[in-house]
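Below is one structure, written out as structure tokens, with a few remarks after it.
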Amino acid sequence: MSEPFKIKSDPELWEKLGMDVSRFSGMPPMLTTAYTNIFLSQKNRPSEMAYFDNMIENIHTGRIHEIMAVKETGKPVIGTFCVYVPEELIVAAGGICVGLCGGAQGSIADAEKILPRNICPMVKSAFGFKIGKICPYFQAVDLVYGETTCDAKKKTWELLDRYVPTHVMEIPQMKRERDKKLWVEEVKDFKAAVDKISGTETEFDDIAGAIKTINAKRAALQRLNNLRHFNPSPISGRDMLLIEQIAFYDEPVRFTEKVHALCNELDKRIKDGVAVAPASTPRILVSGTPMALPNWKLHNIIESSGAIVVNEESCIGTRYYKDLIDEGSTSVDQQLERLTERYMKIDCSCFTPNDERIDQVIKEYEESGAQGIIDYCLQFCHTYNIEAVKLREACEQRGIPFMAIESDYSPDDVGQLQTRVEAFIEQIQG
Ligand code: BJ8
């Protein structure tokens, strides 16, 4: 009989990483309970989810050992907070790109000792993880690559730099030709910073290989997302969100293989009529701000209210994998240009104008067979909050049921959100 699920501990490793071990030791048991309740309690999960469960069991141990082994060879380990940071250039240098966590309530109080309270919970949570020394990934990275997407982030990087070297990439907020020129220069600076850590210059073949690797990862996620659109759904929204979160810290080649193995199982499930919920289950598309690990709050509320999430229009979702890089470049300069072109397609609300995002949400709504949209905005995220006005208008014009919610990581509003979500589901059911 297999061992019961348990998130593993390794105090010796954490000590080596300079963590607050006595405090952090309380985290794996808490996470084990949450994970068991939210994920393992689901009925009829695909058996290939075992790999992703295992990634969570090893989130504070096995994967950290793998990262440290790469770091010891002198390869770069770089932490990021945004899908605008081109991970291909880190992979090209033989390094590891880690999307750092920022989805937990437990680190917010640490952050609020320094940062103002009324800013985005994702920024506070991430900052708190570092200053509280309660995230092994944060302790393992050589540097953090920040960006100038929103005010909360770009000003926090100035403070974060006191605790971990933090480089900032300027992301323009418009997408004109002159912005593209600036963006390409920023990508070149990023490549130089990565090369500096590894002590070697990445060349054409390294970049070509990395583009292939990350394209393959994104293509696997596209395949998975297409399969989950089938009605009745062969996989839950919670499991899909989990995989989208793991994409940010797993080894990319292995991850891609495991996503395809899961897709093969889902293909079979669809043929055999095996599903996680009946075809009559109300189908919801969630759009908006990213849900960083371990933020499972809204998906859990929606799916425990009798609906199913069938798409995440989010950076922990389709914004991360909907676009690939053209692989036909013949020089490093061309590679960097094409890479930039791909990243410029990401339709974050920090851009103006950003009407392509509204069109994209509607497109995903239609492709996913959703019956309503819940737009999720983290508290104090002004750009997504204001963009919800246009999204609501677009939905009203098309008769698409729409609800906007604003929330943080605290459990305080769960009851209230549950009531609103239940009423929305009733509305969809007519
Ligand atoms: S590309 S969505 S990952 S910036 S939610 S911290 S914007 S106040 S996360 Fe994002 Fe890159 Fe855009 Fe995606 Fe600020 Fe808003 Fe908080 Fe945000």
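The values are calculated or read from the model by the stated rules, or taken from the named source; none is laboratory data. Here the structure is a predicted model, which is why all the values come from computation and not from measurement. Ideal geometry is used to build each Cβ from the backbone, glycine not excepted, and the neighbour counts take in all protein chains shown.
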Note: among 114, 171, 197, 119, just one is away from the ligand (no atom under 14 Å from the Cβ), in a loop (DSSP other than H, G, I, E, B) and on the phi < 0 side of the Ramachandran plot, namely 114
Sole miss for residue 219 among (1) out of contact with any helix residue (DSSP H, G or I) (no Cβ under 6 Å at 6 or more places or on another chain); (2) over 18 Å from residue 342 (Cα atoms) is condition (2)
Residue 287 passes all but one of the listed conditions (1) in contact with an Asp or Glu (Cβ under 9 Å, 6 or more places away or on another chain); (2) of a type in the set (Ser, Thr, Tyr); (3) under 25 Å from residue 238 (Cβ atoms); (4) away from the ligand (no atom under 16 Å from the Cβ); the exception is number (4)
Matching residues in the range 133-153 (buried (at least 16 other Cβ atoms within 10 Å of the Cβ), within 15 Å of the ligand (Cβ to nearest atom) and not in a loop (DSSP other than H, G, I, E, B)) number 6
Checked 18, 26 against criteria (exposed (fewer than 15 other Cβ atoms within 10 Å of the Cβ) and in contact (Cβ under 8 Å) with a residue 60 or more places away in the chain); the one match is 18
* Asked: On the given criteria, is residue 230 buried (at least 17 other Cβ atoms within 10 Å of the Cβ), of a type in the set (A, V, I, L, M, F, W, C) and not in a helix (DSSP H, G or I)?
  -> yes
Listed by first then second residue, the pairs whose first member lies in the range 64-78 and is in a loop (DSSP other than H, G, I, E, B), whose partner is β-branched (Val, Ile, Thr), with beta carbons under 7 Å and at least 6 positions apart or on separate chains, are 76/90; 76/194; 76/197
Exactly one of 362, 346 is modelled with pLDDT of 95 or more and either assigned to a helix (DSSP H, G or I) or surrounded by fewer than 16 Cβ atoms within 10 Å (Cβ to Cβ) (or both), and that residue is 362
Any chance residue 79 is closer than 26 Å to residue 235 by Cα, at pLDDT 95 or above and either buried (at least 18 other Cβ atoms within 10 Å of the Cβ) or acidic (Asp, Glu) (or both)
no
